[in-house]
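See structure below.
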Amino acid sequence: MNNSTILVIGACGQIGSELVLKLRNVYGNNKVIASDIKEGYNELMQGGVFEILDATYKNSILNIIKKHNVSEVYLMAAMVSVVAEKYPHRAWDLNMNSLMYVLELAQEGHLKKVFWPSSIAVFGKSTPTINTPQVTISEPSTVYGISKLAGERWCAYYKTKYGIDVRSVRYPGIISWKTPPGGGTTDYAVEIYHKALEDGAYDCFLSEDTRLPMMYMDDAIDATINLMEAEVPEDFVSYNISAVNFTPKEIAESIKKHIADFKITYTPDFRQKIADSWPQSIDDSQAIKDWGWKPKFDLEKMTQVMLQNLKNN
Ligand code: AKB
């Protein structure tokens with residue numbers, strides 16, 4: 001059982017907000033400090049301590065670590081693919097500086113363990129797109145992907161040179177009914193469920209046959225916590241994880257099983273180019289071997305849970 005006090009940085013984001021709730025559920029409300037640059041929704045604010053934190057200031061992170069006796073950090077603050085293309089320097093600043101500060105704080109002895117999310121965006125056009133291996137060519141073309149690849153290398157550097165316990169997974173597109181995504185290329189796979197219920201129709205910004213790796217939020221959260229709990233070998237910082245992969249046409253077909261007259265149209269925009277540079281499917285055999293990774297949600301189960309919950313809420 002984990003007795004550390006945990007700090008989640010970027011607690012109001014898509015993954016951060018659900019991660020905080022699950023961590024509080026597992027380790028206790030008083031063991032998990034949520035933080036973000038601005039306040040989040042009620043459940044997050046009322047369930048335990050919340051701190052305003054700008055992760056681009058090292059001293060601000062340190063003050064909160066000291067104030068709450070924190071020994072573990074989940075650094076979820078980041079600008080993802082589409083929004084990072086709009087603000088390249090700000091994205092680089094946030095994505096890299098926050099990581100460097102947390103790694104330095106670990107090296108200075110303030111932290112025992114760090115989780116830092118990477119992404120399938122580390123891969124690029126020259127990467128094998130089907131069953132993308134754990135170790136392969138990685139030439140990302142987006143600001144976000146470049147920052148994630150650089151971040152992976154920094155994590156590996158701190159791990160090898162200073163023995164820092166830093167762990168990471170390469171998230172695919174994450175799908176949830178509770179929290180909206182924050183400006184990514186895979187966001188269509190959340191929007192489509194909302195639009196299916198609201199309008200019975202969706203105009204997709206990717207072409208009908210664009211296949212991308214995706215994952216239901218519960219699986220992503222389980223992967224994160226299970227990896228942090230596991231005994232893992234030294235060799236890897238960022239693990240490939242995989243759950244489902246589908247095209248816009250296939251997700252539309254699965255929605256039609258519940259909403260027969262649902263209509264999808266396709267108007268690919270600049271995001272198509274980003275999607276075309278990413279893998280279609282991921283080889284996660286290393287994560288399966290090293291820490292027993294296993295997803296629970298396939299496309300049909302995810303569609304059922306998404307539509308049901310969006311309808312009820
Ligand atoms: C994005 O679309 O930018 C993210 C990601 C794949 O990391 N969801």
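For segment 221-271, filtering for residues that are crowded, with 17+ Cβ neighbours inside 10 Å, within 16 Å of the ligand (Cβ to nearest atom) and not charged (D, E, K, R) leaves 15.
Residues being over 23 Å from residue 54 (Cβ atoms), more than 13 Å from the ligand (Cβ to nearest atom) and surrounded by 16 or more Cβ atoms within 10 Å (Cβ to Cβ) are entirely absent from segment 115-123. Conditions: (1) assigned to a loop (DSSP other than H, G, I, E, B); (2) within 16 Å of the ligand (Cβ to nearest atom); (3) touching a residue at least 24 places away in the same chain (Cβ under 8 Å). Residue 138 meets all but one. Number of the miss? Going through (1) assigned to a loop (DSSP other than H, G, I, E, B); (2) within 16 Å of the ligand (Cβ to nearest atom); (3) touching a residue at least 24 places away in the same chain (Cβ under 8 Å) one by one, residue 138 breaks only (3). The number of residues in segment 141-190 being away from the ligand (no atom under 16 Å from the Cβ) and either closer than 17 Å to residue 277 by Cα or in a strand (DSSP E or B) (or both) comes to 3. Looking only at residues in segment 66-95 that are more than 16 Å from the ligand (Cβ to nearest atom) and surrounded by fewer than 20 Cβ atoms within 10 Å (Cβ to Cβ), the one that is farthest from residue 165 (Cα to Cα) is 89.
Each value in this text was obtained by applying a stated rule to the coordinates, not by laboratory testing. None of the values given here were measured: they were computed from a predicted structure. Cβ coordinates were reconstructed from backbone atoms using ideal geometry, including for glycine residues, and neighbour counts include every protein chain displayed.
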